[in-house]
1. For Asp31 and Ser80, FRET efficiency with R0 = 22 Å and r from the beta-carbon atoms, rounded to 0.05?
2. For Arg177 and Leu52, FRET efficiency with R0 = 41 Å and r from the beta-carbon atoms, rounded to 0.05?
3. Express in Å², to the nearest 10, the accessible area of Asp31 obtained by rolling a 1.4 Å probe over the protein heavy atoms while all chains stay in place.
4. I'd like the accessible area for His179: 1.4 Å probe, protein heavy atoms, all chains in place, Å² to the nearest 10.
5. Ignoring everything except DSSP H segments at least 4 long, calculate the 222 nm mean residue ellipticity for the chain; use -39,500 (n - 2.57) per segment, divide by total residues, nearest 500.
6. Counting only the heavy atoms of the protein chains, how much of Thr40 is accessible to a 1.4 Å probe, in Å² to the nearest 10?
7. Using Cα pairs closer than 8 Å and at least 6 residues apart in sequence, work out the relative contact order for the stretch 99-184, in percent.
8. Take Glu184, Glu39 and sort them by solvent-accessible surface of the protein heavy atoms, 1.4 Å probe, largest at the top.
Amino acid sequence: MRSLWEEGGLSPEEFEKIFENRKLNTFRYVDRSLEAFMETMKRKLPRFDRTLFVIVGDHTSYTYQQRFLERIRVPLFVYSPRLAGMKSRWQKAQGALGSHLDVVPTILALLGGRHCYSGMGKSLLSAEAAGRGVISGNRKEGYYLKDGFVLRYSPYAGETQLYATADGGAVEEDVSRQHPDILERMKREYLGLYETSKRVTREKKVFPV
């Protein structure tokens with residue numbers, strides 16, 4: 001099958017739209033574009049079998065449902081012909097929470113050998129990744145996910161809520177009164193991580209030292 005690039009590099013407007021849902025057609029276009037890219041690399045890249053391809057999104061959006069956690073799910077694809085033998089390691093790491101901070105250390109772990117890395121991220125394949133909390137959000141509203149709970153911290157609005165997660169989403173009910181100890185612990189952890197990253201960035205230092 002000829003790749004899309006060989007056929008003239010079809011633009012999104014020219015691409016055949018088979019779904020009524022515009023977002024699904026967008027995903028289909030991206031999927032075929034990635035397929036064309038990988039076909040081209042496999043054919044033209046001499047060391048294709050020794051190359052690690054990493055594709056990650058910079059943001060997410062509501063697609064199929066307006067569930068709480070849909071706003072922070074970001075796609076991450078890691079591919080190499082040599083990764084087939086590591087499938088079991090990936091399966092064990094499916095439940096680990098991660099962020100963009102974890103992309104680089106994960107890649108370094110897959111490459112093997114010793115590497116110089118300084119940052120707050122962890123390899124998603126490491127034992128340290130399990131049970132670790134992850135921060136998301138912006139300056140006005142932050143989220144901290146850990147141990148089946150989501151802390152929503154809104155300092156400008158003077159609000160702090162705690163939600164429980166279930167079936168890949170968060171139950172839209174504040175459970176702060178039912179779990180005051182978890183609320184305070186997660187708030188301390190969130191602020192500790194947030195202030196550490198803010199200070200390291202402001203002082204242009206590496207972490208860990």
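The values are calculated or read from the model by the stated rules, or taken from the named source; none is laboratory data. Since this is a predicted model, take the numbers as computed values, not measurements. Here the Cβ is made from the backbone with ideal geometry for all residues, glycine too, and neighbour counts use every protein chain on show. Keep in mind that these areas ignore ligands, DNA and RNA; they rest on the heavy atoms of the full protein, side chains included. Shrake-Rupley method; radii C 1.70, N 1.55, O 1.52, S 1.80 Å.
1. Approximately 0.70, to the nearest 0.05.
2. On the way: r = 47 Å, r/R0 = 1.16.
According to the calculation, E is roughly 0.30.
3. Per-residue accessible area (Asp31): approximately 100 Å².
4. 60 Å²
5. After summing the helix terms and dividing by residue count, I get -10000 deg cm²/dmol.
6. Thr40 has an accessible surface of roughly 10 Å² with all protein chains in place.
7. Once normalised by length, the contact order is 16 percent.
8. Largest accessible area first, the list is Glu184, Glu39.
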